[in-house]
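What follows draws every value from the coordinates through simple rules; no lab data is involved. Predicted model, so just to flag it, every value in this text is computed and none were measured. Methodologically, a virtual Cβ is constructed for each residue, glycine included, from the backbone with ideal geometry; neighbour enumeration extends over all protein chains shown.
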Amino acid sequence: MRISTLFYTLWQGIKNIFRNKWFSLASIATISACLFLLGIFYSILANFQNIIKTAEEGVCVVVFFDEGITDKRIEEIGDMIRKRPEVSKINFVSDDEAWEEFSKEHLGEYADGFTENPLEGSSNYEIYLNDITMQSALVTYIESVDGVREVRRSEITARTLGGVNKLVGLVSLGIIGILLAVSVFLISNTVTIGISVRKEEISIMKYIGATDFFVRGPFVIEGLLIGLIGAAIPLGIIQILYNKALDFLSLRFEVLSSLLNFLSVDVIYETLVPLSLAIGAGIGFFGSYITVRKHLRV
Amino acid sequence: MALRKRKYMADDEVIVLDHVSKSYTQNVPALSDVSLRIKRGEFVFIVGDSGSGKSTLIKLLLKELNPSEGNLYVMNYHLNRLPHSRVPKFRRNIGVVFQDFRLLKDRNVYENVAFAQRIVQVPSKNIRKNVPRILAIVGLAGKYKARPGQLSGGEQQRVAIARALVNNPTILLADEPTGNLDPKNTNEIMHLLEEINEAGTTVIMVTHNKEIVNAMRKRVITLRRGVIVRDEEEGVYIDED
């Protein structure tokens with residue numbers, strides 16, 4: 001292909017957007033509306049998942065040891081647990097640390113009355129998981145380890161968080177799927193109407209001897225650009241709205257924002273920007289490609 | 001698909017229909033067992049009533065349709081066997097003019113004609129030379145900036161002819177090119193087509209216009225219900241009713 005033909009195709013694609021400005025505006029508005037909904041939903045979902053994850057990270061399994069266990073054996077047990085894939089973090093709490101924390105939290109100045117450590121033999125490992133649903137498997141494993149006296153865990157918390165996480169995952173997959181299907185349907189309809197209006201132009205090109213590639217090129221470029229513009233607009237709007245929402249929550253609901261850790265717009269955009277641009281460009285590209293194909297058999 | 005010329009066509013022939021039939025439905029043939037040969041540089045009128053098969057013939061010649069039976073050769077291409085991917089290259093040998101002009105309304109005269117050159121990937125430098133030259137031939141050099149909506153019917157048809165000619169086709173197919181024009185513009189367009197033919201282009205024109213057919217005394221092929229009923233050199237338009 002000649003360079004001049006390539007530039008001509010690109011230029012025609014850009015010009016087509018302005019030539020058919022009402023069709024272009026309708027397409028951009030449709031894509032923007034769909035991706036705006038998707039973006040809003042994704043932002044809520046990402047925050048929800050982050051809150052659950054933060055809660056999960058706070059849930060730990062505590063392992064106590066047999067009386068008279070050696071420090072060497074405690075270290076060995078620690079190494080064995082650390083190697084498990086579901087373990088994200090493991091902290092050793094000695095008897096003294098356990099007493100210090102307990103007395104600080106519950107006794108205050110009355111703790112001075114104790115001359116000996118009443119929590120002698122309470123040294124333990126606090127184990128944090130990267131997947132709360134694996135808690136039972138880990139506990140079963142640890143209970144079978146020689147030297148372990150007791151394993152404490154919060155079964156209800158783990159089950160509830162795991163269940164909520166799973167439910168949120170399934171619901172979001174469903175909603176994202178529906179939103180995508182609606183977007184593809186609306187956008188392909190808009191593209192079909194736009195191209196039907198120009199089928200005479202396509203037939204003229206075919207009669208003159210244009211190849212399918214030459215006919216399709218400007219339409220595909222046009223679709224791609226419309227898709228990208230349609231994706232960029234909601235990203236801009238969501239950024240403004242998201243920051244305003246965070247400001248609003250932190251001002252009006254201080255308690256809420258201290259309890260819940262909201263994600264920054266940058267973190268949301270690490271996924272949302274490539275996702276929206278890929279969907280916009282993909283729908284624009286394939287929508288035009290497939291719709292033009294119907295009119296090429298002249 | 002290119003052919004060995006000697007086998008199917010004489011050196012001076014550009015179109016050969018060999019017992020060609022075309023049916024859209026099983027019982028009603030649009031063309032029935034049509035055979036004809038057209039030589040390079042001929043001017044041929046194809047006449048007949050509505051439904052006689054004229055449009056089907058044009059569509060077959062453009063490879064828009066495939067024959068149901070028989071063989072069709074145009075410019076050494078055996079159209080029955082021509083794959084879709086090679087149709088664009090084949091069509092570049094044929095210029096087409098329609099009754100309704102089919103210009104791109106959002107582009108000016110220059111762009112409408114240059115469009116045909118861009119499609120066949122003529123370098124921009126050559127387009128800038130060729131388009132003004134062809135616009136001068138059709139008498140529209142001064143109106144290259146005008147949009148189709150600002151031109152008369154005759155002028156729009158001249159733009160369509162310029163677009164059809166700019167790639168130097170061997171054959172010009174004109175489907176009722178004067179159908180939407182008044183007598184003055186009709187005469188001017190016919191004069192232009194005659195000049196184009198004299199310059200060496202084979203012109204095949206479908207028409208209902210009895211006056212111009214009878215005035216020009218060219219070859220006339222008359223179709224009736226899909227069959228050639230008359231094929232005469234220096235013929236006239238004879239009503240079949």
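Counting partner chain Cβ atoms within 10 Å of every residue's Cβ in A:91-101, what's the average?
0
Would you please state which residues of the stretch A:259-298 a label at A:PHE41 would reach in this model, taking the label point 7 Å out along Cα→Cβ and a backbone N cut-off of under 17 Å?
Of the residues in the stretch A:259-298, A:272-273, A:275-280, A:283 have backbone N under 17 Å from the label point off A:PHE41.
Can you tell me what percent of all Cα-Cα pairs in the protein assembly as shown are more than 44 Å apart? Could the numbers behind the result be given before it?
Values: 67451 of 144991 pairs.
Counting pairs separated by more than 44 Å, the tail of P(r) holds 47 percent.
Taking every Cα atom in the stretch B:108-227, find the radius of gyration and the maximum pairwise distance Dmax, and write them in Å.
Every Cα atom of the stretch B:108-227 included, Rg and Dmax give 15.1, 49 Å.
Once fully extended, how much extra length lies between A:LYS166 and A:TRP22, figured as 0.36 nm per residue of separation less the alpha-carbon to alpha-carbon distance? All intermediate terms of the calculation are to be shown ahead of the outcome.
Working: separation 144, 0.36 × 144 = 51.84 nm, distance 4.37 nm.
Length gained, A:LYS166 through A:TRP22: 47.5 nm.
Can you pull the mean other chain C-beta count within 10 Å for peptide A:205-218?
For peptide A:205-218, the averaged partner shielding equals 6.
Provide the packing ranking of B:74-84, A:155-165, i.e. peptides ordered by the mean count of other C-beta atoms within 10 Å per residue, highest first.
B:74-84, A:155-165
Give me the extension gain from A:PHE213 to A:LEU107: residue separation times 0.36 nm, minus the current Cα-Cα distance, reported in nm with one decimal.
30.1 nm
Give me the Å³ per residue figure for the convex hull around the C-alpha atoms of the stretch A:1-71.
188
Can you pull the percent of Cα pairs in the stretch B:1-156 with separation above 21 Å?
Percent of Cα pairs beyond 21 Å in the stretch B:1-156: 57.
Can you list the equivalent-ellipsoid semi-axes of chain A, largest first and in whole Å, using the square root of 5 times each Cα gyration tensor eigenvalue?
Gyration-tensor ellipsoid for chain A: 62, 21, 15 Å.
Just how far, in whole angstrom, is the stretch A:131-199 from the stretch B:186-237 if you go by their alpha carbon centroids?
74
So which aspartates and glutamates can B:LYS89 reach, going by Cα to Cα under 13 Å and dropping same-chain residues fewer than 8 places off?
A:ASP212
Label A:TYR141 and A:LYS89 with points 7 Å out from Cα along Cα→Cβ: what is the distance between them in nm?
In this crude spin-label approximation the distance works out to 1.9 nm.
With N set to the residue count of the stretch B:20-72, report its C-alpha Rg divided by 2.2 N^0.38 Å to two decimal places.
Cα Rg divided by the expected 2.2 N^0.38 Å: 1.14.
Based on DSSP H runs of at least 4 residues, each adding -39500 (n - 2.57), what is the mean residue ellipticity at 222 nm of the protein assembly as shown after dividing by all its residues, to the nearest 500 deg cm²/dmol?
Helix-only estimate at 222 nm: -18000 deg cm²/dmol.
Counting pairs of alpha carbon atoms under 8 Å apart in space and at least six apart in sequence, what relative contact order in percent does the stretch B:1-79 give?
This gives 42 percent for the stretch B:1-79.
Starting from the Cα-Cα distance between A:ASN50 and A:GLU76, subtract it from 0.36 nm times their residue separation and give me the gain in nm to one decimal.
Details: separation 26, 0.36 × 26 = 9.36 nm, distance 3.36 nm.
That works out to 6.0 nm of additional length.
How fast does the stretch B:194-241 diffuse by Stokes-Einstein, in µm²/s, taking the Kirkwood radius from C-alpha pairs at 37 °C and 0.692 mPa s?
Once the numbers are plugged in, D ends up at 282 µm²/s.
Looking at this model, which pairs from A:LYS15/B:LYS129; A:LYS294/B:LYS125; B:LYS54/B:LYS218 are more than 22 angstrom apart at the alpha-carbon?
Details: A:LYS15/B:LYS129 24 Å; A:LYS294/B:LYS125 34 Å; B:LYS54/B:LYS218 17 Å.
With Cα atoms farther than 22 Å apart: A:LYS15/B:LYS129; A:LYS294/B:LYS125.
Using only atoms on other chains, find how many Cβ atoms lie within 10 Å of each Cβ of peptide B:113-120 and report the average.
Mean shielding by partner chains, rounded to a whole number: 5.
Specify which residue in the list B:PRO183, A:VAL151, A:LEU296 is farthest towards the positive end of the charge dipole of the protein assembly as shown, using unit charges on the beta carbon of Lys, Arg (+1) and Asp, Glu (-1), about the Cα centre.
B:PRO183
About the Cα centre of the protein assembly as shown, how large is the charge dipole given +1 on each Lys and Arg Cβ and -1 on each Asp and Glu Cβ? Please answer in debye to the nearest 20. Display every interim value, and only then the final one.
Values: 63 positive and 61 negative charges, 1046 e Å.
Charge dipole, the protein assembly as shown, about its Cα centre: 5020 debye, nearest 20.
Looking at B:ALA114, A:LEU263, B:HIS19, which one has the Cα that reaches farthest to the positive end of the dipole of the protein assembly as shown (charges on Cβ: Lys, Arg +1; Asp, Glu -1)?
My answer, from the dipole projection, is B:HIS19.
So how strong a dipole does the stretch A:1-94 carry about its Cα centre when Lys and Arg Cβ are +1 and Asp and Glu Cβ are -1, to the nearest 20 debye?
Roughly 1200 debye, rounded to the nearest 20.
Where in the stretch B:56-96 is the amide nitrogen less than 14 Å from a point lying 7 Å along the Cα-to-Cβ axis of B:ASP33?
Within reach of a label on B:ASP33, which here means backbone N under 14 Å from a point 7 Å along Cα→Cβ, the stretch B:56-96 contributes B:69-70.
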